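J.: If you scroll down you'll find the structure; I have some questions about it.
The values are calculated or read from the model by the stated rules, or taken from the named source; none is laboratory data. Small disclaimer: the values here were computed from a predicted structure and weren't measured. Every residue, glycine among them, receives a Cβ derived from its backbone with ideal geometry; neighbour counts consider all protein chains shown.
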Amino acid sequence: MTERQIAILAAIIEQYAEIAVPVGSVILAKLFNVSSATIRSEMARLEEMGLIMQPHTSAGRIPTDQGYRFYVNTLTEAHAQETAQPQLDRSARAIESRVNTYGDRADRAIRGAVDSLVDLTQNLGLATIGDELYMNGIGNLFSQPEFMSGKHVQSVARLLDNLEPWLREAAPNEPLNVYIGAENPIGKTSGATLIISRFRSPYSDRSYIGVLGPTRQSYGKVMRLVRHAGAMLEEVL
């Protein structure tokens, strides 16, 4: 892939996360200061690579699971290359404030971190507290336009029903794990993404906190906040 194709893919993902409708060549042409014909040509190549698709007869494009995976891998590599601790923004400080408030009560601290993620990402938030799976923000999840159809609702519900035993069995071993769409072990057709961080707590060396939402995510922001929530809980608890 060329640098411009990578940049166009990122722009499609970020625009789609914001506006929830397929992204057309006119918007991208203005963004990159090139002709619409040039953008259409690049989009055709991205489509051939399986990174974007054209839903129905719309003139715009949306990312595929494969496109999201490429983008997430790029973000992960960029994070790994960071040498300095980034300055905390307001969202990260909000998580810290709530966790520190309940630092003497592990269960309340974990719930507080989840509730912060719900407020900040508008996704469903979840965490393991001992043998219990705490969840908040189901209304956020099912208010997303992707989950208006019965098929998607049923698949997401199946994922949630089986998430706790799956986490115990699979025990994801990376500090941050991202399961996009069909990568999810359950509810493969749900169109959902699970972003989850492992952390040590008084309950277990493999406690988890994260969010579940549509594949249409602001991945950079959400991954950073989930990673920070896990690190903050591990530090305080």
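J.: What pairs come up if the first residue lies in the stretch 100-119 and is assigned by TED's automatic domain parsing to the domain that holds VAL211, the second is surrounded by fewer than 16 Cβ atoms within 10 Å (Cβ to Cβ) and part of a loop (DSSP other than H, G, I, E, B), and their beta carbons are under 9 Å apart, counting only those six or more places apart or on different chains?
T.: ALA106/PRO202; ASP107/GLY130; ALA109/GLY103
J.: Going through the stretch 22-61 one residue at a time, which ones are buried (at least 18 other Cβ atoms within 10 Å of the Cβ) and over 26 Å from PRO145 (Cα atoms)?
T.: Within the stretch 22-61, ILE39, GLU42 qualify.
J.: Within the stretch 205-237, restricting attention to residues that are assigned to a loop (DSSP other than H, G, I, E, B) and basic (Lys, Arg), which residue is modelled with the highest pLDDT?
T.: ARG216
J.: Here's another thing I want to ask about it. In this structure, is ARG216 of a type in the set (D, E, K, R), in the same structural domain as VAL114 (by TED's automatic domain parsing) and in contact (Cβ under 8 Å) with a residue 40 or more places away in the chain?
T.: yes
J.: Right, another one. Quick one: count up the residues across the stretch 1-21 that are touching a strand residue (DSSP E or B) at 6+ places or on another chain (Cβ under 7 Å) and exposed (fewer than 15 other Cβ atoms within 10 Å of the Cβ).
T.: Within the stretch 1-21, residues that are touching a strand residue (DSSP E or B) at 6+ places or on another chain (Cβ under 7 Å) and exposed (fewer than 15 other Cβ atoms within 10 Å of the Cβ) number 0.
J.: For the stretch 146-153, check the following and say yes or no: at least one residue is within 24 Å of ARG224 (Cα to Cα) and either in contact with a strand residue (DSSP E or B) (Cβ under 9 Å, 6 or more places away or on another chain) or among the hydrophobic types (A, V, I, L, M, F, W, C) (or both).
T.: Yes - at least one qualifying residue is present in the stretch 146-153.
J.: So, of the residues in the stretch 62-107 that are hydroxyl-bearing (Ser, Thr, Tyr) and more than 20 Å from the chain's Cα centre (by Cα), which turns out to be modelled with the lowest pLDDT?
T.: Taking the candidates together, the pick is THR83.
J.: Next question, about the same structure. Of all the strands (runs of 3 or more DSSP E) wholly in the stretch 91-204, which have at least 3 residues that are of a type in the set (A, V, I, L, M) and surrounded by 15 or more Cβ atoms within 10 Å (Cβ to Cβ)?
T.: Filter on the stretch 91-204 gives 124-129, 176-180, 192-199.
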